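Asks: Below is one structure. I have some questions about it.
The numbers here are math on the coordinates, done by the rules we state, and not lab data. Since the model is a prediction, treat every value here as computed from it, not as a measurement. Reconstructed Cβ throughout: ideal geometry from the backbone, glycine too, with neighbour counts over all protein chains shown.
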Amino acid sequence: MEAPTQQDPIAATRLASSIGIEIPAGTRSVRVEAAAQALGISPAFAWRLVASGELGSFKVGRRRLVPVAAIDAYVAAMMLDAS
């Protein structure tokens, strides 16, 4: 399965829902803690993924956000590694 791009939020939402990630439709980015919850990992591990660059993110003021497409891309990469 090909990872969706950030320019394709519909495909990103479709992939998220197909693997059980519950992110409201139209949401383009979430806080790191919400990304952790969606991925089923601890917030500490999510922060490590962000720090290492494995999980894409950006800052808005003091807030660090993770694009839904980055969550989907991370899951797709993990699925490819598992095969």
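Asks: Whose amide H sits under 5 Å from the amide H of V30, counting only residues 5 or more places off or on another chain, with H placed in the peptide plane?
Replies: The answer is V66, V68.
Asks: Using θ = phi - 60° and the Karplus curve 6.51 cos²θ - 1.76 cosθ + 1.60, what whole-Hz ³J(HN,Hα) does each residue of the range 36-49 get, with Gly and Pro shown as x?
Replies: Taking θ as phi minus 60°, the curve returns 4, 4, 5, 7, x, 10, 6, x, 4, 5, 4, 5, 5, 5 Hz for the range 36-49.
Asks: Show me 35-44, 55-64 ranked by packing, highest mean number of other Cβ atoms within 10 Å first.
Replies: By packing density, highest mean first, the sequence is 35-44, 55-64.
Asks: Then there is this: Could you list which residues have their amide H under 5 Å from that of L55, counting only those 5 or more apart in sequence or on another chain, with H placed in the peptide plane?
Replies: It is V50, by chain and number.
Asks: Obtain the nm distance between the two label points defined at F45 and R28 by a simple spin-label model: each point lies 7 Å from its Cα along the Cα-to-C-beta direction.
Replies: So the label points at F45 and R28 sit 3.0 nm apart.
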